[in-house]
Amino acid sequence: MSDTVLSVRDLRVVFETRRGTLTAIDGVSFDIARGEILGVVGESGAGKSVTGSAVIGLIDPPGRIAGGEIRLRGERIDNLTPEKMRRVRGRRIGMIFQDPLTSLDPLYRVGEQIVETIRTHTDLSAKAARARAIDLLTEVGIPAPERRIDGYPHEFSGGMRQRVVIALALAAEPELIIADEPTTALDVSVQAQVITLLKRLCRERGTAVMLVTHDMGVIAEAADRVAVMYSGRVAEIGPVESVVRAPHHPYARGLMGAIPTLSDTAERLTQIPGAMPRLTAIPPGCAFNPRCPNVFGRCRAERPEPLPVDRTRVACHLYDERGEAA
Ligand SMILES: Nc1ncnc2c1ncn2[C@@H]1O[C@H](COP(=O)(O)OP(=O)(O)OP(=O)(O)O)[C@@H](O)[C@H]1O
Ligand SMILES: [Mg+2]
């Protein structure tokens with residue numbers, strides 16, 4: 001319990017639109033422990049990025065957190081002022097996005113950006129901060145870091161640039177890193193290297209990681225636990241061995257039908273017939289019911305809440321002993 005870094009409880013995120021209030025995240029709960037990587041998977045639009053944005057306090061209007069709690073080391077962070085949240089983001093939560101240029105300013109040398117982050121969060125001198133930045137660049141596998149530290153982002157390849165972003169994310173020694181599709185834009189050949197690196201560095205430092213990805217190969221390689229999201233809810237969450245190798249939820253079973261390895265990432269999720277409902281047309285009961293091979297009456301009427309099943313939690317009436325009757 002004391003090892004819990006991030007705790008999300010009953011999170012609800014809505015978007016106010018002309019067509020009314022759309023609920024994008026509806027009752028999502030999960031924890032991430034120190035040094036643990038939680039993989040978050042699910043089809044496009046399932047709510048993976050919105051959940052990550054809620055944690056880092058970057059949901060833009062017309063979106064807002066409409067319910068639930070987000071705690072970092074026990075302390076509420078979902079209700080902080082923008083100024084306080086900015087500080088939490090810089091110091092305690094690091095971010096890695098699909099496009100490295102979201103994190104890197106093209107107008108500044110990479111070293112300046114890392115040094116600035118280090119100096120904002122520590123009392124190191126300029127010289128010591130530069131030495132620390134070179135150490136970080138060495139750690140993330142940038143060749144000739146004493147020279148490359150003075151390069152601009154565009155002078156790095158995509159894979160090297162994402163390594164710089166990892167160095168930047170780690171520079172403030174955050175407790176938590178939110179990584180949203182960190183390798184999707186990279187060549188397949190370097191994806192595995194970048195994931196392996198992220199995993200090793202976070203293990204060593206005890207950093208908790210929320211790793212959002214479409215790539216089951218990345219999940220199988222890097223995640224300790226996995227959350228499968230569907231239509232703004234967690235369908236199943238548990239240890240990677242259980243959720244990937246022996247999933248319970250019919251949606252998770254469909255997703256895990258064909259697990260590509262890291263060297264074969266061309267194959268993506270989405271082998272399940274049909275499509276996830278739009279936010280304007282989420283069916284009553286279980287949102288997966290129109291596509292579910294195991295659907296029965298109760299699924300069309302009553303929304304399943306996550307229940308413990310083996311080592312996982314599953315939101316599916318199939319696993320509720322009360323079955324059809326309830
Ligand atoms: N600014 C916005 N206004 C209205 N709806 C939004 C907005 N941003 C996201 N949404 C909706 O919230 C839902 C969840 O989106 P989200 O980006 O979290 O999906 P995702 O799981 O990250 O998908 P992908 O795999 O494509 O990145 C989607 O239905 C999306 O259309
Ligand atoms: Mg996304």
Please tell me the relative contact order of segment 8-122 in percent, rounded to the nearest whole number, where contacts are Cα pairs under 8 Å and at least six residues apart. 24 percent
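At 222 nm, what helix-only mean residue ellipticity would the chain give, in deg cm²/dmol to the nearest 500, using -39500 (n - 2.57) for each DSSP H run of four or more?
The helix contribution divided over the chain gives -8500 deg cm²/dmol.
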Which angle between 0 and 90 degrees, to the nearest 10, do you get for helix 158-171 versus the longest principal axis of the chain when only C-alpha atoms count? 90 degrees
Compute the FRET efficiency between T120 and T17 as 1/(1 + (r/R0)^6), taking r as their Cβ-Cβ distance and R0 = 45 Å, and round to the nearest 0.05. 0.75
Straight-line reach from K48: which lysines have Cα under 18 Å away, leaving out those fewer than 8 places along the same chain? none
Diffusion coefficient in µm²/s returned for the chain by Stokes-Einstein, Kirkwood Rh over C-alpha pairs, 20 °C and 1.002 mPa s, is 104 µm²/s
Note, ³J(HN,Hα) from phi for segment 172-182, Karplus 6.51, -1.76, 1.60, rounded to Hz, x at Gly and Pro: 8, 6, x, 7, 9, 10, 9, 10, 9, 6, x
Neighbour-count order for E83, E139, E16, fewest beta carbons within 10 angstrom listed first: E83, E16, E139
If H249, H154, H317 are placed from fewest to most neighbouring beta carbons inside 10 Å, the sequence is H154, H317, H249
Report, in degrees rounded to the nearest 10, the 0 to 90 angle that the Cα long axis of helix 188-205 makes with the longest principal axis of the chain. 80 degrees
Around I37: net Lys/Arg minus Asp/Glu count, Cβ-Cβ under 9 Å: +1
Assuming 0.36 nm per residue, please report the length gained on full extension of the stretch D310 to T81 beyond their Cα-Cα distance. 78.4 nm
Using Cα-Cα distances under 8 Å and only pairs 6 or more residues apart, what relative contact order does the chain have, in percent? 20 percent
Expressed as an acute angle from 0 to 90° and rounded to the nearest 10, what is the orientation of the C-alpha long axis of helix 82-91 relative to the principal long axis of the chain? 70 degrees
Length gained, S189-E155, 0.36 nm per residue minus C-alpha separation, equals 10.3 nm
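Only the coordinates and a few stated rules stand behind these numbers; no lab work does. Treat the numbers as computed from the prediction; the structure is a model and nothing was measured. All Cβ positions, even for glycine, are placed from backbone atoms using ideal geometry, and neighbour counts span all protein chains on display.
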